[in-house]
Amino acid sequence: MSITQAELGRRLREAREACGMTQAQVGRHLGLSRPTVAQMELGNRAISGLELSRLAYLFGKDIREFVAEETPQREDALMALFRLHPDLASQDDVQDALRQCMAFGHEISNLERVIGVDRTTSTLAAYVQSKPKTKWEAVQQGERIALEERRRLGLGNTPLPNVAELLESQGVRTAQVTLPEEISGLTLIDLGTGLFVVANREHHLLRRRFSFAHEYCHLLVDRDQRGLVSRANDRDEFLEVRANAFAASFLMPMDAVRAFIQSLGKGQPSRMEAEVFDETGAVRARARSAPGSQDIQLYDVVQMAHHFGVSRAAACYRLRSARLITQQKLDVLLEQDRAGRGREIEKLLGLPEPDHAARRNAFRRRFLGLALEAFRRGEISYAKLVEVAAMVDVDQGELAQAIDALDLEDDGSEPLVPGVL
């Protein structure tokens with residue numbers, strides 16, 4: 001039994017209000033007048049499939065939620081974000097990015113569902129923590145959780161593999177989406193999308209790696225938030241401080257940092273002293289490091305950054321946290337790196353520059369792979385495949401060539417409602 005036009009209008013009105021949008025704003029997005037939108041919400045005007053698809057995207061919802069006989073009474077991730085961050089409602093570029101993320105999440109969920117990929121079981125842990133009252137407490141919590149999570153995963157002090165793949169292995173969907181520069185990533189927890197973490201695809205590969213680790217902390221500790229946006233302007237907020245401390249410790253455990261620096265012949269105090277006790281007395285031994293021998297240089301930082309898969313700046317700050325360099329030395333190293341000397345040393349040492357494009361396109365490959373498999377099985381139409389491909393900037397010509405090369409047949413059928421598999 002299909003829902004009535006009046007019920008559909010009511011659901012649209014509730015979704016619009018939950019997103020903090022006016023009828024006039026919706027009308028501008030659809031190219032309609034405000035009175036026309038009002039008539040749609042009152043159930044006095046029929047809504048085409050294309051309009052419904054665009055409305056679902058606008059409100060960050062799966063189109064099925066509008067046409068199902070029963071709709072769940074819940075707050076979705078996008079609504080939670082707008083409630084927690086009301087200032088986002090006035091930022092069109094941020095709203096557009098969030099809608100794109102929700103659309104990706106819904107499409108991935110639908111594609112996985114039709115080809116039988118089970119995401120219902122997540123192995124992700126949950127750590128119950130009180131909200132930190134100070135920045136110091138936030139740092140301590142973040143570092144402690146990072147060590148515990150490494151222990152749970154059996155990682156020890158070894159450098160981490162691909163963080164996005166680590167999240168995927170635990171049932172978390174990941175993506176890279178173009179976001180405003182000040183947003184490094186976001187976490188969405190939604191019944192329709194599951195656990196979904198996004199990093200800013202315009203940021204450097206190593207910054208994206210740090211962002212995925214940052215959002216990992218939000219999933220482990222802040223799952224009750226439903227939706228979190230990580231913005232540069234919020235870096236002093238305690239939850240963000242905790243997530244940043246987690247990311248640094250998760251990527252670069254303190255013991256591992258000290259051990260690596262010691263493997264370079266550094267990291268020892270200038271004066272060392274020990275006592276050997278034999279039950280009757282003690283023998284004292286002393287030693288001094290050669291002057292300047294423990295002074296960490298930029299080439300040490302470059303090697304450490306490459307070892308742990310982090311930026312040179314992140315490595316510098318971690319060395320400072322480990323008290324292996326002074327604040328003055330930190331400033332010198334950062335200035336040298338800003339002057340381009342870090343990259344020069346990388347070339348001198350033969351260290352490869354990260355392949356940014358390959359990592360940036362990882363999500364596109366996985367997303368399109370799911371869509372091609374669904375099309376091959378006849379679960380989605382060619383028109384739907386074209387729509388999905390367009391979401392990752394693949395035009396119909398490229399898609400047609402790929403289908404021809406793979407010998408996949410186009411049955412010419414069309415989806416009953418645009419945006420529905």
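For region 281-292, the criterion of being more than 30 Å from Thr193 (Cβ to Cβ), over 20 Å from the mean Cα position of the chain (by Cα) and touching a residue at least 40 places away in the same chain (Cβ under 8 Å) is met by no residue.
Take Arg99 and decide whether it is in contact with a Phe, Trp or Tyr (Cβ under 8 Å, 6 or more places away or on another chain), at pLDDT 85 or above and assigned by TED's automatic domain parsing to the domain that holds Ser211.
Considered against the rule, which asks whether it is in contact with a Phe, Trp or Tyr (Cβ under 8 Å, 6 or more places away or on another chain), at pLDDT 85 or above and assigned by TED's automatic domain parsing to the domain that holds Ser211, Arg99 comes out as no.
Would a scan of region 339-361 turn up a residue that is of a type outside the set (Phe, Trp, Tyr), under 20 Å from Arg113 (Cβ atoms), at pLDDT below 85 and surrounded by fewer than 18 Cβ atoms within 10 Å (Cβ to Cβ)? No, every residue in region 339-361 fails to be of a type outside the set (Phe, Trp, Tyr), under 20 Å from Arg113 (Cβ atoms), at pLDDT below 85 and surrounded by fewer than 18 Cβ atoms within 10 Å (Cβ to Cβ). Here Ile261 meets the list (1) over 21 Å from Ile145 (Cα atoms); (2) in contact (Cβ under 8 Å) with a residue 60 or more places away in the chain; (3) part of a strand (DSSP E or B) almost entirely, failing just condition (3). Evaluate region 36-43: report whether one residue or more is over 15 Å from Phe66 (Cα atoms), hydrophobic (A, V, I, L, M, F, W, C) and surrounded by fewer than 16 Cβ atoms within 10 Å (Cβ to Cβ). No; the residues of region 36-43 include none that is over 15 Å from Phe66 (Cα atoms), hydrophobic (A, V, I, L, M, F, W, C) and surrounded by fewer than 16 Cβ atoms within 10 Å (Cβ to Cβ).
When the criteria are applied in full, Arg207 meets the requirement of being of a type in the set (D, E, K, R) and either buried (at least 24 other Cβ atoms within 10 Å of the Cβ) or out of contact with any Phe, Trp or Tyr (no Cβ under 8 Å at 6 or more places or on another chain) (or both).
Residues of region 129-173 that are exposed (fewer than 12 other Cβ atoms within 10 Å of the Cβ), in contact (Cβ under 8 Å) with a residue 60 or more places away in the chain and more than 18 Å from Ala256 (Cα to Cα): Lys133, Thr134.
This table checks each residue for (1) in contact (Cβ under 8 Å) with a residue 60 or more places away in the chain; (2) in a helix (DSSP H, G or I); (3) within 22 Å of Val139 (Cα to Cα).
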site	(1), (2), (3)
Ser184	no, no, yes
Arg207	yes, yes, yes
Phe210	yes, yes, yes
His214	no, yes, yes
Leu219	yes, yes, yes
Glu240	no, yes, yes
Val257	yes, yes, yes
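Residue by residue, here is whether (1) at pLDDT 90 or above; (2) outside the structural domain of Gly105 (by TED's automatic domain parsing); (3) under 30 Å from the mean Cα position of the chain (by Cα) holds:
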| site | (1), (2), (3) |
| --- | --- |
| Gly9 | yes, yes, no |
| Leu12 | yes, yes, yes |
| Ala18 | no, yes, yes |
| His29 | no, yes, yes |
| Pro35 | yes, yes, no |
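When Gly309, Gly419 are checked against the criterion of being at pLDDT below 85, under 27 Å from Arg201 (Cα atoms) and either among the basic types (Lys, Arg) or outside the structural domain of Glu112 (by TED's automatic domain parsing) (or both), Gly419 stands alone in meeting it. Among the residues of region 58-67, not a single one is within 25 Å of Pro86 (Cβ to Cβ), without any contact (Cβ under 8 Å) to a residue 12 or more places away in the chain and not in a loop (DSSP other than H, G, I, E, B).
The numbered conditions (1) surrounded by fewer than 16 Cβ atoms within 10 Å (Cβ to Cβ); (2) at pLDDT 85 or above; (3) farther than 25 Å from Glu181 by Cβ; (4) not aromatic (Phe, Trp, Tyr) are all true for Leu52 except (1).
The values are calculated or read from the model by the stated rules, or taken from the named source; none is laboratory data. For clarity, every value in this text was computed on a predicted model and none was experimentally measured. Glycine gets a Cβ as well: all are built from the backbone with ideal geometry, and neighbour counts include every protein chain shown.
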